[in-house]
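Take a look at the structure below.
Bear in mind that the values in this text are calculations on the coordinates, not laboratory data. Keep in mind that what you see is a predicted model, and the values were worked out from it rather than measured. Note: ideal-geometry Cβ built from the backbone for every residue, glycine included; neighbour counts use all protein chains shown.
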There are 2 protein chains.
Amino acid sequence: MSQKLSKCTYILNNCPNVKTYACVGGKKEGEGPMGKYFDKINNDPYFTTDTFEKAESEMQKQSILIALRKGELKPTDIDFMFGGDLLNQCVGTTYGIRDMNIPFLGIYGACSTMAEGLLLSSVMVDNNVGGNVLAVTSSHFCTAERQYRFPVEYGGQRTPTSQWTATASGAVVVSGEDAAPYVRGVTIGTVQDMGVTDANNMGAAMAPAAYETIKQFLTDTGKTASDFDKIITGDLGKVGTRLLLQLLGDDGIDISKQHNDCGLMIFDCDDQDVHAGGSGCGCAASMLCGYFLPQLKSGELRNILFLATGALMSPTLSQQGESIPSIAHAVWLSHDKQ
Amino acid sequence: MSQKLSKCTYILNNCPNVKTYACVGGKKEGEGPMGKYFDKINNDPYFTTDTFEKAESEMQKQSILIALRKGELKPTDIDFMFGGDLLNQCVGTTYGIRDMNIPFLGIYGACSTMAEGLLLSSVMVDNNVGGNVLAVTSSHFCTAERQYRFPVEYGGQRTPTSQWTATASGAVVVSGEDAAPYVRGVTIGTVQDMGVTDANNMGAAMAPAAYETIKQFLTDTGKTASDFDKIITGDLGKVGTRLLLQLLGDDGIDISKQHNDCGLMIFDCDDQDVHAGGSGCGCAASMLCGYFLPQLKSGELRNILFLATGALMSPTLSQQGESIPSIAHAVWLSHDKQ
């Protein structure tokens, strides 16, 4: 049963657990500093299919099947699932899962999708709606470039504030088992729009959303940054991270000791020529599933606050001169039940 | 608290109620046989904005604000909301709600969005996660045409099986009040793909999803078609309706007396030149909010099973030769608690 602290913040008193998790990446992700934490690296950007979009679906399928295998589960053991991705109509997910016969609820939160899916799965399980609930997401550099910017074949010049969409996927299964890591609480984000119109500067557009949600979570729970080993954002990159720390600092909240941004972890920004860092739904999802959840399970980490941020714009509305609304959802994960 | 009947079917024992609802439509919808049931008709396809996309956002905003007004609620009375639409990145919703400051969870279910949003809102309220939870969706003929097919200015020829995307929006607020109409149960759909590749024949692609979900709901609950005054599908149109009745008939299930398809209600197929019927997220949403919910409230209808079906394809994957996966979610609504 969930305890309501505010309209958007809930404590999950049954402490659902993340029973199993997996992540899959592409070649560049495998070559990066976090390469060894992926369950599987595909060096072929087509993932043995004939289009980048089908490759992304194949990647989601792989991360789900590996997560199931690690948890000794079959697709029939999953009650239902949440999933979505960056592609128009979320086809990375819908084509990736269509043969699995798992009841499906589609979500769209851009790069916040992993946090949204984990949040919804956890709330469901906390209230005994579903026993094993799965959440999945992905992003693929080549599908995102051609959909949001230019096809990679065009060879467009990238601006210094631009980020590199990670080719990666992550999947988690939330269950009612009594084992670490536990999901202890969640905060649902609210759309923020500070008027940023530069589609090559997503970090700046998304930082205010992370700021609002972190502040909301800390206010509602009465916790401070030092209650957490890590406060993790999804893909703010260099620019967004600087803004986030400044916005919180102006309110007297210092998270600089706890903060990690998945976009600054997944690649070596200088050596891998990714400018302001990594991005994409798969960036936060893979770092959560590959790097943070194992440490929460083992107890190396005791408490983390995981946020993924999403830019809720479309190329069509950017072309119409609109600014970029963004959102961040937060999930409190812990090694301990109390 | 929700009672699990199967992986995907849940009975909502606290019987959340649909406290308020509203729908907004365009000129053609106002001229159709259901025109008088809309709360507001906009004769300007731009809804006083300068692009069709901004018009769709304006329409969602209108339906939310009218629903709130009818329920004597302010945006601050809403704990959180679910929303999505057909546009890439669901921008009809994200730009429509960005100034409302309501915690937001984005969903994508194509034309099944109203059922998905109502389902999720109801499950949340049934478990006391949120007191007033809102769900909204929309579709706009001109945005859908240029995104999925051709810009309307092109004047493309329409095939006989094609459907006409309704310019319409619907919004509901689910609450814990003890008043009709109540939400009694839900079934989460599973992705179905029978290999239909014709993007101008969505009814045929979606009928198997409606068939599977209706069968699943009836099996899990032990109910029969005659337990319902109406069994309502979202936008199967002429072709999909014929297929659905045939698929169920082959299993000995006859819903012909109870079945209504919103796509066949919203327009006069012959006089309004819409070929196989209406479609779009807003089609089912507006018929639910404008026509069915008021009758459930008054008691003219006692029990309905509301399904909206979604085609989970994208133009990109259709161009790559892929078939069309589809999904249907079901919500059992009742005048009575027991």
> Counting partner chain Cβ atoms within 10 Å of every residue's Cβ in A:302-310, what's the average?
Replying inline: 0
> Between the range A:257-301 and the range B:64-137, what is the C-alpha centre distance in whole Å?
Replying inline: 31 Å
>> Could you work out the relative contact order of chain B? I mean the mean sequence separation of Cα pairs under 8 Å and 6+ apart, divided by the number of residues, in percent.
In response: 24 percent
> Each label point is 7 Å from the Cα along the Cα-to-Cβ direction; what then is the distance between the points at B:Leu65 and A:Asp251, in nm?
Replying inline: 2.8 nm
> Which one of B:Thr48, B:Thr309, B:Thr213 has the biggest mean-square fluctuation once chain B is modelled by GNM with Cα springs under 10 Å?
Replying inline: B:Thr48
>> Here is the link list: A:Lys19/A:Lys40; A:Lys19/B:Lys7; B:Lys54/B:Lys74. Which ones come out longer than 21 Å on Cα distance?
In response: B:Lys54/B:Lys74
>> Using only DSSP helix segments of four residues or longer, with each worth -39500 (n - 2.57), what per-residue ellipticity at 222 nm results for the protein assembly as shown after dividing by its residue count and rounding to 500?
In response: -9500 deg cm²/dmol
>> With a 10 Å cut-off between alpha carbons and a GNM built on chain A, which of A:Met265, A:Met100, A:Met313 moves the most?
In response: A:Met100
> By counting other Cβ atoms within 10 Å of each Cβ, how are B:Lys27, A:Lys230 ranked from fewest to most?
Replying inline: B:Lys27, A:Lys230
> In nm, one decimal, shortest first: how far is the label point of B:Asp254 (7 Å from Cα along Cα to beta carbon) from the matching points in the other copies?
Replying inline: 7.8
>> Averaged across A:44-52, how many Cβ atoms of other chains sit within 10 Å of each residue's Cβ atom?
In response: 1
> Once the piece of chain linking A:Ser6 and A:Asn101 is laid out straight, how much longer is it, given 0.36 nm per residue of separation minus the C-alpha distance between them?
Replying inline: 30.6 nm
> Tell me, what HN-Hα J-couplings in whole Hz come from the Karplus equation 6.51 cos²θ - 1.76 cosθ + 1.60 at θ = phi - 60° for each residue of the range B:225-235, using x for Gly and Pro?
Replying inline: 3, 6, 6, 10, 6, 9, 10, 10, 9, x, 7
> Which of B:Trp164, A:Trp332 comes first, and how do the rest follow, when ranked by fewest Cβ neighbours within 10 Å?
Replying inline: A:Trp332, B:Trp164
>> Relative contact order for the range B:2-175: what percent, with Cα pairs under 8 Å and sequence separation of 6 or more?
In response: 29 percent
> Between A:Thr309 and residues 5 or more places away or on another chain, which pairs have amide H atoms under 5 Å apart, with H built 1.01 Å from N, and which residues are they?
Replying inline: A:Gly234, A:Asp235
>> Taking B:Ser318 in one copy and the same position in all the others, each labelled 7 Å out along Cα→Cβ, what are the pairwise distances from the first, in nm, shortest first?
In response: 2.5
> Say the dipole of the range B:2-175 comes from +1 at the beta carbon of Lys and Arg and -1 at that of Asp and Glu; which of B:Leu65, B:Ser175, B:Ala144 then lies farthest toward its positive end?
Replying inline: B:Ser175
> Got the relative contact order for the range B:182-334 handy, in percent, Cα pairs under 8 Å and 6 or more residues apart?
Replying inline: 38 percent
> What Cys residues in chain A are without a partner cysteine, judged by a Cβ distance under 4.7 Å?
Replying inline: A:Cys8, A:Cys15, A:Cys90, A:Cys111, A:Cys142, A:Cys262, A:Cys269, A:Cys281, A:Cys283
> DSSP beta bridges in the protein assembly as shown, what fraction antiparallel, as a percent rounded to 5?
Replying inline: 70 percent
> Under a GNM of chain A (C-alpha, springs under 10 Å), which listed residue has the highest mean-square fluctuation: A:Gly234, A:Gly30, A:Gly277?
Replying inline: A:Gly30
>> What does the net charge come to around B:Leu236 if you take all other residues with beta carbon closer than 14 Å to its beta carbon, with K and R at +1 and D and E at -1?
In response: -1
> How would you classify the range A:1-143 from its alpha-carbon gyration tensor, with a ≥ b ≥ c the square roots of the eigenvalues: rounded for a/c under 1.5, else prolate if a/b is greater than b/c, otherwise oblate?
Replying inline: prolate
>> Need one number: % antiparallel among DSSP beta bridges in the range B:182-334, to the nearest 5.
In response: 70 percent
>> Tell me the net charge near A:Met34. Cut-off is 15 Å between Cβ atoms, A:Met34 excluded, with +1 for each Lys or Arg and -1 for each Asp or Glu.
In response: -2
>> Using a 10 Å cut-off around each Cβ, can you sort B:Cys283, B:Cys8, A:Cys289, B:Cys90 from fewest to most neighbouring Cβ atoms?
In response: B:Cys8, B:Cys90, A:Cys289, B:Cys283
> Taking A:Lys238 as the anchor, which lysines have their alpha carbon closer than 18 Å to its alpha carbon, excluding any fewer than eight residues away along the same chain?
Replying inline: A:Lys230, A:Lys257
> In whole Hz, what ³J(HN,Hα) sequence does the range A:27-40 give by Karplus (6.51, -1.76, 1.60; θ = phi - 60°), x for Gly and Pro?
Replying inline: 4, 5, 5, x, 7, x, x, 9, x, 6, 8, 6, 6, 8
>> Ordered shortest first, which distances in nm separate the 7 Å Cα→C-beta label point of A:Asn43 from those of the other copies?
In response: 6.8
> If you put +1 on each Lys and Arg Cβ and -1 on each Asp and Glu Cβ, how big is the dipole of the protein assembly as shown around its Cα centre, in Debye rounded to 20?
Replying inline: 920 debye
>> Using the Karplus curve 6.51 cos²θ - 1.76 cosθ + 1.60 with θ = phi - 60°, what ³J(HN,Hα) values do you get for each residue of the range A:108-116, in whole Hz, with x for Gly and Pro?
In response: 9, x, 6, 6, 8, 4, 4, 5, 5
